[in-house]
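A quick write-up on the structure given underneath.
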Amino acid sequence: MANIELIKKWDEVLRYAREYATGNGLHKSEPWVRDAFNDYFTHHEEQVEAGRVMSFGGLSGSTHNREVMAEKVYLELRDSLDDGEAKRLRDTLRGIALEQERGRGLRR
C-alpha cells in the first residue's frame, strides 16, 4: 500500500519547486521550497527507517540522500522549464541540499 502522506508531500515539493522556478503561483519564494523539501525529506527518512520505502542510497539523513533528492526533484521538473528556470531551480535545490552540511560547519 502506498504511503499517501509521502506522495502528497512529494507533490507539494514539486508544485512549490515549479512555482519557484517559473515565478507563477502562490509559493514563489525559496523558503516555501526549502520547507517543503525538508518536510518531505524528514518524513521520507522516517519511512525508510521503518522499512516502508526505499532509501535514496545513503545513510538516513545524510547529505548524499539530500543531494539525490534534490536531483530527483530537478530531473522531474526539468523538461517543463526553460533553461534559465531550470538553472535557477537546480542551483537552489543544491543549496537546500547542502544547508545541513553548511550548518554543521558553522557550529565548530
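How much length is gained on full extension from LYS28 to GLU99, taking 0.36 nm per residue of separation minus their Cα-Cα distance?
In short, 23.6 nm is gained.
Give me the accessible area per residue for the chain, probe 1.4 Å, as a whole number in Å².
Result: 61 Å² of accessible area for each residue.
Can you give me the distance in nm between label points at ILE4 and ASP91, each placed 7 Å from the Cα along the Cα-to-Cβ direction?
Taking the two extended label points, one gets 4.1 nm.
So how long is each side of the chain along the principal axes, counting just the alpha-carbon atoms, biggest first, in Å?
43, 37, 21
Which of the peptides 21-29, 36-44 is most tightly packed, and how do the rest follow, going by the mean number of other Cβ atoms within 10 Å of each residue?
Details: 21-29: 13.7, 36-44: 18.7.
Going by the mean number of other Cβ atoms within 10 Å, highest first, we get 36-44, 21-29.
The values are calculated or read from the model by the stated rules, or taken from the named source; none is laboratory data. Note that this is a predicted model, so its numbers are computed, not measured. Quick reminder, even Gly has a Cβ in these numbers, built from the backbone with ideal geometry, and neighbours come from all protein chains shown. Please note that ligands, DNA and RNA were not included when accessible areas were found on the heavy atoms of the full protein model with its side chains. Shrake-Rupley method; radii C 1.70, N 1.55, O 1.52, S 1.80 Å.
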